[in-house]
Amino acid sequence: MLELGEIPESHPRRASLLARKKLVEASDAGLLADSAMIAHGRGEAFDYLLGEMTSDSASRAIKHASKMLVSAKSPVISVNGNTVVLAGKELIRLAAVVGCPIEVNLYYRTSERVSGLIGVLEDLKSEVLSEEAPEGFNEDWFSSVSSVEILGDEEDGRIEGLEGPRSICSSNGIESSDVILVPLEDGDRCEALVSLGKKVIAIDLNPLSRTARAATVTIVDEVLRASKKLVSDALLIDEDVHDWDNEAALREALEIMGSAMSRV
Ligand code: PTJ
């Protein structure tokens with residue numbers, strides 16, 4: 001496996017190689033689902049077609065989503081294995097800015113993976129504590145980061161409409177939330193959360209997935225890029241949240257991908 005220092009800064013596939021390296025290491029540590037790499041590979045293929053950059057349409061979705069999060073009563077960020085590994089640190093920063101908990105909630109739930117991923121997030125939280133606050137954040141960064149709760153092992157809540165281990169959640173997290181950010185989500189859970197009246201923000205590189213189509217706002221972008229931009233947008237001066245046409249945003253993403261294919 002390549003060491004970090006062996007990948008030159010200028011390498012055109014540096015970000016992709018680093019992401020893969022992190023996933024392989026996390027998989028070896030038993031933190032990921034068996035199919036995590038398959039999910040990642042599918043995402044990479046879509047990202048290629050997006051030119052590995054945040055489109056204007058995704059930027060608008062991120063702006064809208066960040067306003068939804070900051071104006072929510074009980075926002076929560078739900079994370080799975082891939083998300084913790086790829087964007088855990090950035091999502092802790094987002095949780096500190098928004099003032100919300102992060103909940104480890106897995107598709108392939110095992111208590112070992114839940115506690116392992118909570119441990120990773122706690123370590124990342126300690127790192128974020130000693131880092132600088134994002135530009136424009138005017139409150140006490142240390143206390144905002146300290147108060148980010150990492151939930152997931154309480155198992156005292158349920159997502160109605162789902163069965164078995166996938167229905168398990170935290171009562172202070174997903175169960176009581178009104179707005180929920182769910183990167184790399186599965187379609188069933190997204191649909192169940194929407195039918196419970198929650199506003200669901202999905203981050204999914206596949207604009208055709210059931211999740212992308214069921215979510216209230218879908219950010220068709222790579223999870224780390226989108227998370228960084230969510231942090232900066234959540235700090236912009238409040239504007240009203242206007243109506244959102246998610247179908248139009250998904251069509252725009254597909255058009256970008258379609259035009260990438262027709263250039264070949
Ligand atoms: O950790 P667990 O047990 O919760 O399992 C997590 C995975 C991702 C394995 C599980 O939820 C799964 O199998 O997901 P799917 O059904 O493969 O869906 C994952 C979606 O995320 C796909 O539509 C991918 O295109 C998309 N995706 C993959 N990598 C990224 C991504 N979207 C944004 N950024 C990525 N890096």
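Values computed for the structure shown
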quantity	calculated
For segment 176-247, projected area of the alpha-carbon convex hull averaged over all directions, nm²	5.1
Selected from Leu184, Leu162, Leu224 as most flexible by GNM, with the chain as the system and alpha-carbon contacts under 10 Å	Leu162
Whole-Hz couplings from phi, Karplus 6.51/-1.76/1.60, listed for segment 159-170; x for Gly and Pro	9, 4, x, 10, 10, x, x, 6, 8, 6, 8, 9
Relative contact order (%) - the chain, alpha-carbon pairs under 8 angstrom, separation at least six	24
When segment 1-139 is reduced to its Cα atoms, the Kirkwood hydrodynamic radius in Å	16.8
Cβ-placed point charges (K, R +1; D, E -1), dipole of segment 56-262 about Cα centre in debye, nearest 20	380
Helix-only [θ]222 nm of the chain, DSSP H runs n ≥ 4, -39500 (n - 2.57) each, per residue, nearest 500	-16000 deg cm²/dmol
Principal semi-axes in Å for segment 127-264 [√(5λ), Cα gyration tensor, largest first]	27, 24, 14
Under 5 Å, built H, 5+ apart or other chain: amide partners of Val104	Val79, Leu151, Gly152
Model label zone, Lys73; criterion: amide N under 19 Å from point 7 Å along Cα-to-beta-carbon; scope segment 173-193	173-181, 193
Cα lying deepest toward the dipole's positive end in the chain, options Ser126, Leu193, Val97, charges on Cβ	Leu193
For segment 49-115, diffusion coefficient by Stokes-Einstein and Kirkwood Rh (Cα), 4 °C, 1.567 mPa s, µm²/s	95
Förster radius 41 Å - calculated FRET efficiency between Ser146 and Met261 (Cβ-Cβ, nearest 0.05)	0.30
Using a Förster distance of 45 Å, the FRET efficiency for Glu135-Ser27 (Cβ separation, nearest 0.05)	0.85
Taking the C-alpha atoms of the chain, convex hull volume expressed per residue in Å³	132
With every protein chain in place, the chain: carbon and sulfur % of accessible area (1.4 Å)	51
Whole-Å semi-axes of segment 20-69's equivalent ellipsoid (Cα gyration tensor)	27, 15, 8
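The values are calculated or read from the model by the stated rules, or taken from the named source; none is laboratory data. Worth saying up front: this structure is predicted, and the values here are computed from it rather than measured. In this analysis, Cβ positions are derived from the backbone assuming ideal geometry, glycine residues included, and neighbour counts consider all displayed protein chains. For accessibility, only protein heavy atoms count, side chains too; no ligands or nucleic acids. Shrake-Rupley method; radii C 1.70, N 1.55, O 1.52, S 1.80 Å.
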